[in-house]
Amino acid sequence: MATRPSERTLRSELLGRDVEFNYSETWLAYSMLGLRVVMAWVFLQAGLEKLFEGGLADPLAWSSVGFLQNGIADANPLQGVFLFFADFAVIVDPMVVFGQILIGLALLFGVFFRFAALMGAIMMSLFWTAAWQGGLLAGFPMSHGYFIDSSFVYMLLLFGLGAWGAGRIVGVDRALESSDLVRSTPWLRYLLG
């Protein structure tokens with residue numbers, strides 16, 4: 001069976017049988033670009049809301065202290081870690097606010113995409129663990145689901161987009177990867193894509 005240039009076939013052996021998965025590279029690119037823009041919006045909106053919570057008169061009024069000290073369940077096995085973060089809110093708060101904004105911009109424009117996706121996934125994993133209501137024996141129950149919440153989904157989406165190199169699709173990383181600097185410094189490619 002002949003495929004169009006924009007289609008590929010993946011062959012896999014599943015239970016001793018050959019299975020074919022036909023997919024369109026064009027539609028895969030559109031879907032990755034769409035997911036990239038949606039994740040960029042999630043991060044930009046969250047960061048900008050925090051930045052301007054106090055209005056233009058007090059742009060850094062947002063603070064994580066209340067949540068870190070009172071929002072983490074006593075049964076959460078990582079409660080001590082979050083209480084430690086509360087003691088350093090002067091560092092943590094700008095990292096969250098500007099981290100979300102920078103991650104959102106990097107995802108939107110496809111620049112240093114893998115690095116941004118990794119940092120976003122790490123942030124989402126921290127948000128996910130903060131929502132745990134109990135320990136391992138309690139199954140880490142969460143207030144909005146048993147184990148999976150939106151932070152976990154976002155974390156997996158970011159890992160997937162980074163693995164696929166979604167920053168190359170209508171992104172700055174495509175141009176950066178062909179630059180002389182990146183060609184002469186191959187380890188930079190791990191940050192791009």
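The values are calculated or read from the model by the stated rules, or taken from the named source; none is laboratory data. Computed from a predicted model, the values in this text were never measured in an experiment. A quick note on method: Cβ atoms are made from the backbone with ideal geometry, for glycine too, and the neighbour counts reach across all protein chains shown. Accessible surface is based on the protein model in full, side chains and every heavy atom, while ligands, DNA and RNA are left aside. Shrake-Rupley method; radii C 1.70, N 1.55, O 1.52, S 1.80 Å.
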From PHE112, PHE82, grab the single residue that is buried (at least 18 other Cβ atoms within 10 Å of the Cβ) and on the phi > 0 side of the Ramachandran plot. PHE112
Would you mention how many residues in segment 51-77 are closer than 25 Å to ALA116 by Cβ and in contact with a Leu (Cβ under 9 Å, 6 or more places away or on another chain)? 6
Among the residues of segment 151-193, what is the count of those that are charged (D, E, K, R) and within 18 Å of the chain's Cα centre (by Cα)? 2
Give all pairs with beta carbons closer than 7 Å in which a residue from segment 166-190 that is farther than 20 Å from LEU33 by Cβ and in contact (Cβ under 8 Å) with a residue 12 or more places away in the chain meets a residue that is surrounded by 13 or more Cβ atoms within 10 Å (Cβ to Cβ) and of a type in the set (Lys, Arg); count only pairs at least 6 apart in sequence or on separate chains. TYR190/ARG114
Scanning segment 113-133 residue by residue, those among the aromatic types (Phe, Trp, Tyr) and either within 13 Å of the chain's Cα centre (by Cα) or within 9 Å of MET155 (Cα to Cα) (or both) turn out to be PHE113, PHE115, PHE127, TRP128
List every residue pair whose Cβ atoms sit under 6 Å apart, with the two residues 6 or more apart in sequence or on different chains, where the first one lies in segment 119-134 and is open to solvent by 20 Å² or more (accessible area, probe 1.4 Å) and the second, anywhere, is assigned to a helix (DSSP H, G or I). MET119/ILE103; SER125/MET155; PHE127/SER151; TRP128/SER151; TRP128/PHE152
Going by the structure shown, is PHE98 in contact (Cβ under 8 Å) with a residue 24 or more places away in the chain, open to solvent by 70 Å² or more (accessible area, probe 1.4 Å) and not small (Gly, Ala, Ser)? yes
Scan segment 50-65 for residues that are free of Cβ contacts under 8 Å to residues at least 12 places away in the same chain and within 24 Å of the chain's Cα centre (by Cα) and jot them down. PHE52, GLU53
For segment 25-52, give me each residue that is over 21 Å from PHE109 (Cα atoms) and either part of a helix (DSSP H, G or I) or in contact with a helix residue (DSSP H, G or I) (Cβ under 9 Å, 6 or more places away or on another chain) (or both). LYS50
Has segment 136-147 got any residue that is modelled with pLDDT of 80 or more and buried (at least 18 other Cβ atoms within 10 Å of the Cβ)? no
